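K.L.:
Dumping the structure here so I can ask a few things about it.
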Amino acid sequence: MTTPLHANGVTEPATSPEPTVLAAWTATLVRALDARGIDGAGLARAAGIDPAVFDVNGARIPLPRTTELWRLAVEATDDPCLGLDVSLYVRPNTFNALSLGVAVSASVREALDRMVRFSMIVLSTSLENTATREGSRIVYTSKPLPGAAAPAHEAMEAITACIIRAARFLGDQSISPCEVRLMRPEAPRSSRFESFFRCPVRYGSDHYRTTFDAAVVSRPLGSTSVDLARAADRLSAEYVERVRKAGAVAEQVRDAVEALLGVAEPTPSAVASRLAMSPRTLQRHLQRESTTFRDVVAEARVARAKQLIAADGLGADAIARRLGFSDTAAFRRAFKRRTGMTAGQFASRVR
(Lines give C-alpha, C1' and ligand atoms only; values in the text may rest on other atoms or scores of the structure.)
Protein backbone atom coordinates (compact mmCIF):
# COMPACT_ATOMS: atom_id res chain seq x y z
CA MET A 1 0.00 0.00 0.00
CA THR A 2 1.29 3.46 -0.86
CA THR A 3 0.47 6.13 1.72
CA PRO A 4 1.07 9.80 0.83
CA LEU A 5 3.04 11.65 3.48
CA HIS A 6 1.89 15.02 2.22
CA ALA A 7 0.15 16.15 -0.93
CA ASN A 8 1.51 19.17 -2.71
CA GLY A 9 -0.16 21.85 -0.60
CA VAL A 10 -0.03 24.58 -3.23
CA THR A 11 -2.40 24.88 -6.14
CA GLU A 12 -0.67 25.30 -9.46
CA PRO A 13 -1.68 28.21 -11.67
CA ALA A 14 -4.54 27.25 -13.93
CA THR A 15 -3.48 29.27 -16.94
CA SER A 16 0.21 30.08 -16.63
CA PRO A 17 1.56 30.88 -20.13
CA GLU A 18 4.69 28.79 -19.57
CA PRO A 19 6.63 27.25 -16.70
CA THR A 20 9.14 29.50 -14.95
CA VAL A 21 12.30 28.85 -12.99
CA LEU A 22 13.64 30.73 -9.97
CA ALA A 23 16.42 32.98 -11.29
CA ALA A 24 18.57 32.40 -8.20
CA TRP A 25 18.61 28.68 -9.01
CA THR A 26 19.70 29.32 -12.60
CA ALA A 27 22.44 31.58 -11.20
CA THR A 28 24.09 28.51 -9.65
CA LEU A 29 24.71 27.17 -13.16
CA VAL A 30 26.33 30.47 -14.16
CA ARG A 31 28.61 30.33 -11.10
CA ALA A 32 29.57 26.75 -11.88
CA LEU A 33 30.48 27.73 -15.43
CA ASP A 34 32.52 30.71 -14.22
CA ALA A 35 34.44 28.40 -11.88
CA ARG A 36 35.46 26.34 -14.92
CA GLY A 37 36.73 29.41 -16.75
CA ILE A 38 33.66 29.61 -18.99
CA ASP A 39 31.76 32.89 -19.40
CA GLY A 40 28.51 31.96 -17.66
CA ALA A 41 26.94 35.38 -18.17
CA GLY A 42 27.83 35.23 -21.86
CA LEU A 43 26.11 31.86 -22.24
CA ALA A 44 23.10 33.23 -20.37
CA ARG A 45 22.83 36.05 -22.89
CA ALA A 46 23.14 33.55 -25.73
CA ALA A 47 20.17 31.71 -24.21
CA GLY A 48 18.13 34.93 -24.12
CA ILE A 49 18.62 35.64 -20.41
CA ASP A 50 19.78 39.04 -19.18
CA PRO A 51 22.27 38.33 -16.33
CA ALA A 52 20.85 41.35 -14.47
CA VAL A 53 17.86 39.19 -13.57
CA PHE A 54 20.08 37.16 -11.23
CA ASP A 55 20.31 40.20 -8.94
CA VAL A 56 16.53 40.66 -8.70
CA ASN A 57 15.21 38.99 -5.56
CA GLY A 58 12.54 36.42 -6.37
CA ALA A 59 12.79 36.93 -10.14
CA ARG A 60 11.81 34.12 -12.49
CA ILE A 61 12.94 33.02 -15.96
CA PRO A 62 10.87 31.17 -18.58
CA LEU A 63 11.78 27.47 -18.53
CA PRO A 64 12.64 27.27 -22.27
CA ARG A 65 15.41 29.83 -21.78
CA THR A 66 16.95 28.01 -18.83
CA THR A 67 16.74 24.75 -20.77
CA GLU A 68 18.65 26.39 -23.62
CA LEU A 69 21.25 27.64 -21.12
CA TRP A 70 21.71 24.11 -19.82
CA ARG A 71 22.13 22.84 -23.38
CA LEU A 72 24.79 25.44 -24.10
CA ALA A 73 26.50 24.70 -20.79
CA VAL A 74 26.72 20.97 -21.44
CA GLU A 75 28.02 21.67 -24.94
CA ALA A 76 30.66 24.09 -23.61
CA THR A 77 31.84 21.78 -20.82
CA ASP A 78 31.37 18.46 -22.64
CA ASP A 79 30.20 17.16 -19.26
CA PRO A 80 26.91 15.23 -19.10
CA CYS A 81 27.28 15.06 -15.30
CA LEU A 82 27.42 18.85 -14.98
CA GLY A 83 24.41 18.88 -12.66
CA LEU A 84 26.41 17.23 -9.89
CA ASP A 85 28.90 20.11 -9.88
CA VAL A 86 26.21 22.80 -10.15
CA SER A 87 24.71 21.60 -6.86
CA LEU A 88 27.97 22.67 -5.18
CA TYR A 89 27.25 26.32 -5.96
CA VAL A 90 23.95 26.57 -4.13
CA ARG A 91 23.97 29.36 -1.55
CA PRO A 92 22.07 29.55 1.76
CA ASN A 93 19.49 31.85 0.15
CA THR A 94 19.30 30.26 -3.30
CA PHE A 95 15.84 28.78 -2.79
CA ASN A 96 14.42 31.82 -1.01
CA ALA A 97 12.78 31.04 2.36
CA LEU A 98 12.63 27.35 1.42
CA SER A 99 16.38 27.15 2.09
CA LEU A 100 15.81 28.21 5.70
CA GLY A 101 12.83 25.90 6.10
CA VAL A 102 14.87 22.91 4.98
CA ALA A 103 17.80 23.86 7.24
CA VAL A 104 15.66 23.92 10.40
CA SER A 105 13.53 20.84 9.61
CA ALA A 106 12.98 18.33 12.42
CA SER A 107 14.05 15.44 10.18
CA VAL A 108 15.19 14.74 6.65
CA ARG A 109 11.72 13.39 6.00
CA GLU A 110 10.23 16.73 7.06
CA ALA A 111 12.68 18.53 4.79
CA LEU A 112 11.53 16.37 1.88
CA ASP A 113 7.96 17.34 2.67
CA ARG A 114 8.89 21.04 2.50
CA MET A 115 10.57 20.50 -0.85
CA VAL A 116 7.34 18.97 -2.15
CA ARG A 117 5.04 21.54 -0.60
CA PHE A 118 7.00 24.49 -1.96
CA SER A 119 8.45 22.95 -5.12
CA MET A 120 6.77 25.68 -7.15
CA ILE A 121 9.37 28.11 -5.80
CA VAL A 122 12.00 26.39 -7.93
CA LEU A 123 9.92 25.42 -10.97
CA SER A 124 6.29 26.24 -11.66
CA THR A 125 3.67 24.30 -13.62
CA SER A 126 5.88 21.63 -15.15
CA LEU A 127 6.30 18.81 -12.64
CA GLU A 128 4.21 16.92 -10.11
CA ASN A 129 6.30 16.34 -6.98
CA THR A 130 5.34 13.89 -4.25
CA ALA A 131 6.84 12.28 -1.15
CA THR A 132 5.22 8.94 -0.34
CA ARG A 133 5.81 6.01 1.97
CA GLU A 134 6.14 2.61 0.34
CA GLY A 135 6.64 0.02 3.04
CA SER A 136 9.97 0.76 4.72
CA ARG A 137 10.91 3.36 2.11
CA ILE A 138 10.28 7.07 1.58
CA VAL A 139 10.05 7.86 -2.14
CA TYR A 140 10.50 11.34 -3.58
CA THR A 141 9.28 11.62 -7.17
CA SER A 142 9.10 14.32 -9.84
CA LYS A 143 6.86 13.50 -12.79
CA PRO A 144 6.53 15.72 -15.88
CA LEU A 145 2.98 16.93 -16.33
CA PRO A 146 1.29 15.82 -19.57
CA GLY A 147 1.93 18.33 -22.33
CA ALA A 148 4.20 20.51 -20.19
CA ALA A 149 7.72 21.49 -21.21
CA ALA A 150 10.25 19.26 -19.46
CA PRO A 151 13.38 20.66 -17.80
CA ALA A 152 16.80 19.59 -19.08
CA HIS A 153 18.00 16.24 -17.76
CA GLU A 154 21.03 17.98 -16.27
CA ALA A 155 18.85 20.52 -14.44
CA MET A 156 16.80 17.80 -12.77
CA GLU A 157 19.95 15.85 -11.94
CA ALA A 158 21.30 18.98 -10.26
CA ILE A 159 18.10 19.24 -8.20
CA THR A 160 18.37 15.56 -7.25
CA ALA A 161 21.97 16.16 -6.19
CA CYS A 162 20.80 19.14 -4.09
CA ILE A 163 18.29 16.91 -2.33
CA ILE A 164 21.01 14.40 -1.46
CA ARG A 165 23.42 17.11 -0.32
CA ALA A 166 20.68 18.56 1.91
CA ALA A 167 19.99 15.12 3.42
CA ARG A 168 23.69 14.65 4.16
CA PHE A 169 24.00 18.14 5.60
CA LEU A 170 21.00 17.66 7.90
CA GLY A 171 21.74 14.10 8.93
CA ASP A 172 25.29 13.04 8.26
CA GLN A 173 27.55 12.43 5.29
CA SER A 174 26.84 8.69 5.37
CA ILE A 175 23.23 9.15 4.25
CA SER A 176 22.64 7.75 0.78
CA PRO A 177 19.48 6.85 -1.10
CA CYS A 178 18.54 3.22 -1.69
CA GLU A 179 18.00 3.87 -5.39
CA VAL A 180 17.89 6.75 -7.86
CA ARG A 181 16.04 6.76 -11.19
CA LEU A 182 16.83 9.35 -13.84
CA MET A 183 15.12 10.20 -17.10
CA ARG A 184 18.28 10.50 -19.18
CA PRO A 185 18.07 7.70 -21.79
CA GLU A 186 21.34 5.97 -20.92
CA ALA A 187 24.23 6.12 -18.52
CA PRO A 188 27.05 8.56 -19.33
CA ARG A 189 30.52 7.24 -20.02
CA SER A 190 31.71 7.90 -16.47
CA SER A 191 30.29 6.43 -13.26
CA ARG A 192 30.08 9.78 -11.48
CA PHE A 193 26.38 9.42 -10.73
CA GLU A 194 26.91 6.10 -9.01
CA SER A 195 29.90 7.48 -7.10
CA PHE A 196 28.00 10.54 -5.89
CA PHE A 197 24.69 8.88 -5.00
CA ARG A 198 26.41 5.74 -3.61
CA CYS A 199 23.52 3.54 -4.71
CA PRO A 200 22.15 1.83 -7.85
CA VAL A 201 21.19 4.36 -10.53
CA ARG A 202 18.64 3.42 -13.20
CA TYR A 203 18.39 5.32 -16.47
CA GLY A 204 15.59 5.75 -19.01
CA SER A 205 12.86 6.18 -16.38
CA ASP A 206 9.65 8.05 -17.19
CA HIS A 207 10.10 10.17 -14.05
CA TYR A 208 12.69 11.13 -11.43
CA ARG A 209 12.62 8.95 -8.34
CA THR A 210 14.82 8.95 -5.22
CA THR A 211 14.20 6.25 -2.61
CA PHE A 212 15.34 6.54 1.02
CA ASP A 213 15.30 4.23 4.03
CA ALA A 214 12.33 5.54 6.06
CA ALA A 215 14.02 4.82 9.39
CA VAL A 216 17.10 6.82 8.41
CA VAL A 217 15.32 9.93 7.11
CA SER A 218 12.80 9.93 9.97
CA ARG A 219 15.43 10.26 12.71
CA PRO A 220 14.96 13.44 14.77
CA LEU A 221 17.55 16.15 14.16
CA GLY A 222 19.01 18.43 16.78
CA SER A 223 19.06 21.49 14.53
CA THR A 224 15.31 22.00 14.43
CA SER A 225 13.54 25.26 15.30
CA VAL A 226 9.76 25.25 15.25
CA ASP A 227 9.50 29.05 15.24
CA LEU A 228 11.99 29.51 12.40
CA ALA A 229 10.38 26.69 10.42
CA ARG A 230 6.96 28.28 10.83
CA ALA A 231 8.27 31.68 9.73
CA ALA A 232 10.05 30.18 6.73
CA ASP A 233 6.94 28.27 5.68
CA ARG A 234 4.85 31.44 5.88
CA LEU A 235 7.29 33.33 3.65
CA SER A 236 7.47 30.42 1.21
CA ALA A 237 3.69 30.17 1.04
CA GLU A 238 3.39 33.91 0.42
CA TYR A 239 5.89 33.76 -2.42
CA VAL A 240 4.18 30.77 -4.03
CA GLU A 241 0.81 32.49 -3.71
CA ARG A 242 2.22 35.54 -5.47
CA VAL A 243 3.42 33.36 -8.31
CA ARG A 244 0.10 31.55 -8.48
CA LYS A 245 -2.03 34.70 -8.48
CA ALA A 246 0.11 37.14 -10.38
CA GLY A 247 1.21 34.95 -13.25
CA ALA A 248 4.72 34.43 -14.49
CA VAL A 249 5.57 37.77 -16.07
CA ALA A 250 3.66 40.05 -13.67
CA GLU A 251 5.58 38.54 -10.77
CA GLN A 252 8.89 39.14 -12.51
CA VAL A 253 7.88 42.73 -13.34
CA ARG A 254 6.97 43.42 -9.72
CA ASP A 255 10.33 42.12 -8.49
CA ALA A 256 12.20 44.15 -11.11
CA VAL A 257 10.26 47.30 -10.24
CA GLU A 258 10.99 46.83 -6.53
CA ALA A 259 14.70 46.53 -7.33
CA LEU A 260 14.61 49.80 -9.32
CA LEU A 261 12.59 51.91 -6.87
CA GLY A 262 14.76 54.61 -5.35
CA VAL A 263 17.57 53.77 -7.78
CA ALA A 264 16.17 54.48 -11.23
CA GLU A 265 12.82 55.18 -12.87
CA PRO A 266 11.00 51.84 -13.38
CA THR A 267 10.08 52.42 -17.02
CA PRO A 268 8.77 49.66 -19.30
CA SER A 269 12.08 49.74 -21.21
CA ALA A 270 14.20 49.41 -18.05
CA VAL A 271 12.12 46.56 -16.67
CA ALA A 272 11.85 44.77 -20.03
CA SER A 273 15.64 44.89 -20.37
CA ARG A 274 16.05 43.18 -17.00
CA LEU A 275 13.63 40.47 -18.08
CA ALA A 276 15.31 39.91 -21.44
CA MET A 277 12.31 40.89 -23.54
CA SER A 278 11.11 43.87 -25.56
CA PRO A 279 8.73 46.43 -24.02
CA ARG A 280 6.06 45.35 -26.50
CA THR A 281 6.39 41.69 -25.48
CA LEU A 282 6.29 42.73 -21.83
CA GLN A 283 3.05 44.63 -22.32
CA ARG A 284 1.54 41.72 -24.25
CA HIS A 285 2.32 39.27 -21.44
CA LEU A 286 0.84 41.58 -18.83
CA GLN A 287 -2.30 42.06 -20.89
CA ARG A 288 -2.65 38.27 -21.14
CA GLU A 289 -2.41 38.11 -17.35
CA SER A 290 -5.18 40.74 -16.99
CA THR A 291 -3.00 43.51 -15.63
CA THR A 292 -0.97 46.48 -16.86
CA PHE A 293 2.53 47.80 -16.29
CA ARG A 294 1.09 50.86 -14.60
CA ASP A 295 -0.90 48.72 -12.14
CA VAL A 296 2.10 46.56 -11.25
CA VAL A 297 4.27 49.65 -10.66
CA ALA A 298 1.57 51.22 -8.49
CA GLU A 299 1.24 48.04 -6.45
CA ALA A 300 5.01 47.82 -5.94
CA ARG A 301 5.27 51.49 -4.95
CA VAL A 302 2.49 51.24 -2.38
CA ALA A 303 3.97 48.04 -0.96
CA ARG A 304 7.34 49.80 -0.56
CA ALA A 305 5.60 52.85 0.92
CA LYS A 306 4.06 50.64 3.62
CA GLN A 307 7.53 49.36 4.49
CA LEU A 308 8.95 52.89 4.68
CA ILE A 309 6.10 54.05 6.92
CA ALA A 310 6.20 51.04 9.23
CA ALA A 311 9.95 50.53 9.49
CA ASP A 312 11.42 54.01 8.94
CA GLY A 313 8.57 56.28 9.97
CA LEU A 314 8.90 58.40 6.82
CA GLY A 315 6.29 61.02 5.99
CA ALA A 316 4.34 61.43 2.77
CA ASP A 317 6.68 64.05 1.28
CA ALA A 318 9.81 61.93 1.76
CA ILE A 319 8.13 58.78 0.43
CA ALA A 320 6.81 60.56 -2.66
CA ARG A 321 10.31 61.79 -3.49
CA ARG A 322 12.00 58.45 -2.82
CA LEU A 323 9.55 56.35 -4.81
CA GLY A 324 9.28 58.59 -7.84
CA PHE A 325 5.74 59.97 -7.48
CA SER A 326 5.14 63.23 -9.37
CA ASP A 327 4.22 64.95 -6.11
CA THR A 328 2.93 64.25 -2.60
CA ALA A 329 -0.70 64.49 -3.66
CA ALA A 330 -0.15 61.78 -6.31
CA PHE A 331 1.33 59.52 -3.65
CA ARG A 332 -1.57 60.12 -1.27
CA ARG A 333 -4.11 59.34 -4.00
CA ALA A 334 -2.32 56.17 -5.06
CA PHE A 335 -1.95 54.96 -1.47
CA LYS A 336 -5.63 55.46 -0.65
CA ARG A 337 -6.78 53.93 -3.93
CA ARG A 338 -4.72 50.79 -3.28
CA THR A 339 -5.28 50.38 0.47
CA GLY A 340 -8.61 52.06 1.19
CA MET A 341 -7.01 54.27 3.84
CA THR A 342 -4.78 57.33 3.97
CA ALA A 343 -1.06 57.05 4.64
CA GLY A 344 -1.68 58.75 7.99
CA GLN A 345 -4.31 56.19 8.97
CA PHE A 346 -1.95 53.36 8.03
CA ALA A 347 0.84 54.96 10.07
CA SER A 348 -1.45 55.14 13.11
CA ARG A 349 -2.20 51.43 12.83
CA VAL A 350 1.40 50.24 12.63
CA ARG A 351 2.96 52.54 15.21
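K.L.:
Among the residues of segment 299-351, write down those that are β-branched (Val, Ile, Thr), in a loop (DSSP other than H, G, I, E, B) and under 20 Å from Ala250 (Cα atoms). Talk me through it step by step, then tell me what you get.
P.N.:
Taking segment 299-351 first, the residues β-branched (Val, Ile, Thr) are 302, 309, 319, 328, 339, 342, 350.
Narrowing the set further to residues that are in a loop (DSSP other than H, G, I, E, B) leaves 342.
Once the filter is applied, which keeps residues that are β-branched (Val, Ile, Thr), in a loop (DSSP other than H, G, I, E, B) and under 20 Å from Ala250 (Cα atoms), segment 299-351 yields nothing.
K.L.:
State whether the residues of segment 173-183 include one that is more than 24 Å from Ala27 (Cβ to Cβ), touching a Phe, Trp or Tyr at 6+ places or on another chain (Cβ under 6 Å) and not in a loop (DSSP other than H, G, I, E, B).
P.N.:
Yes, segment 173-183 contains a residue that is more than 24 Å from Ala27 (Cβ to Cβ), touching a Phe, Trp or Tyr at 6+ places or on another chain (Cβ under 6 Å) and not in a loop (DSSP other than H, G, I, E, B).
K.L.:
Just name the residue that is nearest to Phe54 (Cα to Cα) out of those in segment 96-139 that are β-branched (Val, Ile, Thr) and in a helix (DSSP H, G or I).
P.N.:
Ile121
K.L.:
If you go through segment 195-226, how many residues are among the charged types (D, E, K, R), in contact (Cβ under 8 Å) with a residue 40 or more places away in the chain and either in a strand (DSSP E or B) or more than 14 Å from Ala111 (Cα to Cα) (or both)?
P.N.:
3
K.L.:
May I pose another question? I need the full set of residues from segment 257-298 which are among the acidic types (Asp, Glu), in contact with a helix residue (DSSP H, G or I) (Cβ under 7 Å, 6 or more places away or on another chain) and in a helix (DSSP H, G or I), in order please.
P.N.:
Hit for segment 257-298 is Glu258, nothing else.
Rundown of residues vs (1) in contact with a Pro (Cβ under 6 Å, 6 or more places away or on another chain); (2) within 23 Å of Val21 (Cα to Cα); (3) surrounded by 22 or more Cβ atoms within 10 Å (Cβ to Cβ), yes/no style:
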site	(1), (2), (3)
Ala232	no, yes, yes
Val249	no, yes, yes
Val253	no, yes, yes
Ser273	no, yes, no
Val296	no, yes, yes
Val302	no, no, no
Asp317	no, no, no
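K.L.:
Where in segment 20-95 are there helices (runs of 4 or more DSSP H), lying wholly inside it, with at least 2 residues that are farther than 28 Å from Phe197 by Cβ?
P.N.:
Helices (runs of 4 or more DSSP H) meeting the threshold: 40-46, 63-77.
K.L.:
Let me ask something else. When you go through Ala237, Ala250, Ala229 one by one, which is the residue that is part of a helix (DSSP H, G or I), in contact with a Ser or Thr (Cβ under 7 Å, 6 or more places away or on another chain) and modelled with pLDDT of 90 or more?
P.N.:
The match here is Ala229.
The values are calculated or read from the model by the stated rules, or taken from the named source; none is laboratory data. It should be emphasised that the depicted structure is a prediction, and the values quoted were computed from it without experimental measurement. Cβ sites come from the backbone with ideal geometry, for glycine too, and all protein chains shown count toward neighbours.
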